[in-house]
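Working notes, beginning with the structure itself.
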Amino acid sequence: KQEVTQIPAALSVPEGENLVLNCSFTDSAIYNLQWFRQDPGKGLTSLLLIQSSQREQTSGRLNASLDKSSGRSTLYIAASQPGDSATYLCAVRFGDYKLSFGAGTTVTVRA
Amino acid sequence: EAGVTQFPSHSVIEKGQTVTLRCDPISGHDNLYWYRRVMGKEIKFLLHFVKESKQDESGMPNNRFLAERTGGTYSTLKVQPAELEDSGVYFCASSPRTTTGELFFGEGSRLTVL
């Protein structure tokens with residue numbers, strides 16, 4: 001069974017600290033992996049998309065790495081800000097068109 | 001460019017009633033998907049359209065759910081009759097036909113069945 005796990009479920013950090021969010025998946029034969037952000041009551045905003053042939057993607061303060069052999073992806077957010085408070089979701093496309101989602105990590109950045 | 005739009009944003013209905021959710025994908029996107037999150041669970045795939053054709057409806061929970069995509073444009077998801085366990089947030093997403101595989105999601109339609 002293809003599963004996606006995100007640990008921890010919640011994270012609270014002081015402003016300015018770097019955030020490290022983890023995502024693990026059970027099958028290394030992935031097509032791509034997408035990180036999303038969700039604010040309360042809102043939709044999913046795509047942050048980064050990593051293709052299976054890539055090791056990392058960067059956008060501004062965000063950097064996502066992918067290690068297929070160990071079944072892991074990590075999202076780094078540098079110098080966190082209160083506006084980064086949200087739920088971050090990892091979703092894996094295992095080869096068909098479906099995305100398999102993790103349960104998410106809820107981040108609180110304290111001012 | 002307009003994103004994926006969904007309507008209504010929130011619907012409250014009684015058990016046994018019918019509800020129809022609508023999704024307008026990004027213009028030109030051939031792929032359209034429905035996902036949902038029920039309370040306390042991960043977001044789960046429901047089905048996938050390519051233009052007006054259903055490619056994969058393996059995630060549809062039962063025959064009370066009917067999805068259509070008229071002319072390959074907007075899509076509707078009808079629940080009839082609704083049950084309590086259908087409560088949740090229904091997300092629509094779209095992507096271009098030739099694509100890196102990035103999906104663009106709408107704001108979701110929250111369904112509450114009383």
_Just checking, does the range B:12-20 include any residue being of a type outside the set (Ser, Thr, Tyr), within 11 Å of chain A (Cβ to nearest Cβ) and within 19 Å of B:THR112 (Cα to Cα)?_
no
*When you go through B:HIS10, B:HIS29, B:HIS48 one by one, which is the residue that is over 12 Å from the mean Cα position of the chain (by Cα) and closer than 21 Å to B:ARG97 by Cβ?*
B:HIS29
*Please list, ordered by first then second residue, the pairs with beta carbon atoms under 9 Å, 6 or more apart or interchain, first in the range B:93-114 and within 11 Å of chain A (Cβ to nearest Cβ), second basic (Lys, Arg) and assigned to a loop (DSSP other than H, G, I, E, B).*
B:GLU107/A:LYS42; B:GLY108/A:LYS42
*Pick from the range A:92-111, criterion assigned to a strand (DSSP E or B) and of a type in the set (Ser, Thr, Tyr), ranking: nearest to the other protein chains (Cβ to nearest Cβ)*: A:SER100
*asked:* Quick check on my filter: what residues within the range B:35-84 are acidic (Asp, Glu) and at pLDDT 95 or above?
replied: B:GLU68, B:GLU83
*Within the range A:47-62, track down each residue that is more than 21 Å from A:ALA29 (Cβ to Cβ) and buried (at least 16 other Cβ atoms within 10 Å of the Cβ).*
A:LEU47, A:LEU62
*Restricting the range A:56-91 to residues that are among the acidic types (Asp, Glu) and over 21 Å from A:PRO40 (Cα atoms), which is nearest to the other protein chains (Cβ to nearest Cβ)?*
A:GLU56
*Would you please name the residue that is farthest from the chain's Cα centre (by Cα), looking only at residues in the range A:64-91 that are in a loop (DSSP other than H, G, I, E, B) and without any contact (Cβ under 8 Å) to a residue 60 or more places away in the chain?*
A:SER69
_For a quick check of your reading: which strands (runs of 3 or more DSSP E) sit entirely within the range B:27-89 and have at least 2 residues that are without any contact (Cβ under 8 Å) to a residue 40 or more places away in the chain and either out of contact with any Leu (no Cβ under 9 Å at 6 or more places or on another chain) or among the aliphatic types (A, V, I, L, M) (or both)?_
B:44-50, B:65-69
*Looking only at the range B:55-65, decide whether some residue is under 25 Å from A:LEU47 (Cβ atoms) and surrounded by 15 or more Cβ atoms within 10 Å (Cβ to Cβ).*
yes
*Single residue of A:LYS42, A:LYS68 found to be at pLDDT below 95 and closer than 16 Å to B:GLU42 by Cα*: A:LYS42
*Search the range B:1-17 for residues that are within 17 Å of B:SER75 (Cα to Cα) and pair each with any residue that is of a type in the set (A, V, I, L, M) and assigned to a loop (DSSP other than H, G, I, E, B) when their beta-carbon atoms are under 8 Å apart and the residues are at least 6 apart or on different chains.*
B:ALA2/B:ILE26; B:GLY3/B:ILE26; B:VAL4/B:ILE26
*Before we move on, is B:ARG22 under 19 Å from B:GLY72 (Cβ atoms), charged (D, E, K, R), within 12 Å of the chain's Cα centre (by Cα) and part of a strand (DSSP E or B)?*
yes
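The values are calculated or read from the model by the stated rules, or taken from the named source; none is laboratory data. Quick caveat: nothing in here was measured; it's all calculated off a predicted structure. Glycine also receives a Cβ, built like all others from the backbone with ideal geometry; neighbour counts cover every protein chain displayed.
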